[in-house]
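The values are calculated or read from the model by the stated rules, or taken from the named source; none is laboratory data. Everything numeric in this text was worked out from a predicted model, so none of it was measured. When we count neighbours, we look across all protein chains shown, and the Cβ atoms used for this are built from the backbone with ideal geometry, even at glycine. Side chains are part of the model used for accessible areas, which takes the heavy atoms of the whole protein and leaves out ligands, DNA and RNA. Shrake-Rupley method; radii C 1.70, N 1.55, O 1.52, S 1.80 Å.
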Amino acid sequence: MPRPAFQTPTWLTRDLLPSVPSANVCDWLFNEQSLTRRLTELSAGGFSVTPLREGWLLLRDDECAALGVPPGSLGWVREVYLRGNGQPWVFARSVAARQALDGSGLDLQQLGSRSLGELLFSDQAFARGELQVCRYPGAWLPAEARQDGLWARRSCFRRGPLAVLVAEVFLPDFWPAASR
């Protein structure tokens, strides 16, 4: 497999960031509430989820490391747009390793246009890990959203042996709405 033409980003916790973004950006990157709920409020109820791709795929090395599984592990990958009033505000990529997902009782294939975040936040058995942020590689985004250096955050939700890694990339159309 050819190596990507970009460097895999380093995901950092807030205390390790070399420079801290603006207060508004930090509020969205490090807020531990449900992003789905915040986007629903911001869009005055005009929130929707558009599935882009989902299925069994090889996980990226950074995802395997975060999930604590061997490099090259197979996992369920779900990519969606989180939209506010029809505009794609956030690109979200959620992954779970197959060996942990099998037998977990969580069926990610049945989500459709429902929010995974809402499901994770409504199940008290899931514990959210620390938020990490990076400047996301444009090559990892859908073609129509491809832009280098967008702010992204991720965290791992754990329930027993199951871990679900959720990464959220804030797209350019989001920030004008967030600064109102």
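According to a simple spin-label model (label point 7 Å from Cα along Cα-to-Cβ), what is the distance in nm between ALA23 and SER113?
3.8 nm
When only Cα pairs under 8 Å and 6 or more residues apart are kept, what is the percent relative contact order across segment 1-116?
22 percent
Sticking with the crude label model, points 7 Å out along Cα→Cβ, report the distance from LEU52 to TRP175 in nm, one decimal please.
1.8 nm
As a check on your grasp of the helix formula, calculate [θ] at 222 nm for the chain: sum -39500 (n - 2.57) over DSSP H runs of n ≥ 4, divide by the residue count, round to the nearest 500.
After summing the helix terms and dividing by residue count, I get -5000 deg cm²/dmol.
Can you give the local net charge around LEU106? Use residues other than it whose beta-carbon is closer than 14 angstrom to its beta-carbon, Lys and Arg +1, Asp and Glu -1.
Cβ neighbours under 14 Å give a net charge of 0.
Using only the alpha carbon atoms of the chain, find the Kirkwood hydrodynamic radius as the inverse mean reciprocal pair distance, in angstroms to one decimal.
Radius from the Kirkwood sum: 16.7 Å.
Under a Cβ-Cβ cut-off of 10 Å, what is the net charge of the residues other than PHE157 that fall near it, where Lys and Arg count +1 and Asp and Glu count -1?
Every neighbour counted, the sum reads +2.
Between ARG38 and ALA127, what is the spin-label point distance in nm, taking each point 7 Å from the Cα along the Cα→C-beta axis?
The modelled label-to-label distance comes out at 2.3 nm.
Just need the relative contact order of segment 32-180 here, percent rounded to a whole number, with Cα pairs under 8 Å and 6+ apart.
Relative CO of segment 32-180 lands at 23 percent.
In µm²/s, what is D for segment 100-176 at 10 °C and 1.306 mPa s, where D = kT/(6 pi eta Rh) by Stokes-Einstein and Rh is the Kirkwood radius from Cα pairs?
112 µm²/s
Please express the shape of segment 12-77 as an equivalent ellipsoid: the semi-axes are the square roots of 5 times the eigenvalues of the C-alpha gyration tensor, given largest first in whole angstrom.
So the equivalent ellipsoid measures 28, 22, 8 Å along its semi-axes.
Just to confirm a number: summing +1 for Lys and Arg and -1 for Asp and Glu over residues other than VAL169 whose beta-carbon lies under 15 angstrom from that of VAL169, what do you get?
Local net charge: +2.
Quick check: with the 1.4 Å probe, what order do ASP148, ASP62, ASP173 take by accessible area, largest first?
From most exposed to least exposed: ASP148, ASP173, ASP62.
Go through segment 129-180 and name the GluC sites (Glu not before Pro) that are in a DSSP coil and have 14 or fewer other Cβ atoms within 10 Å of their Cβ.
GLU130
Peptides 86-94, 49-57, 16-24, 34-42: what's the order by average Cβ count within 10 Å, highest mean first?
Descending packing order for the listed peptides: 86-94, 34-42, 49-57, 16-24.
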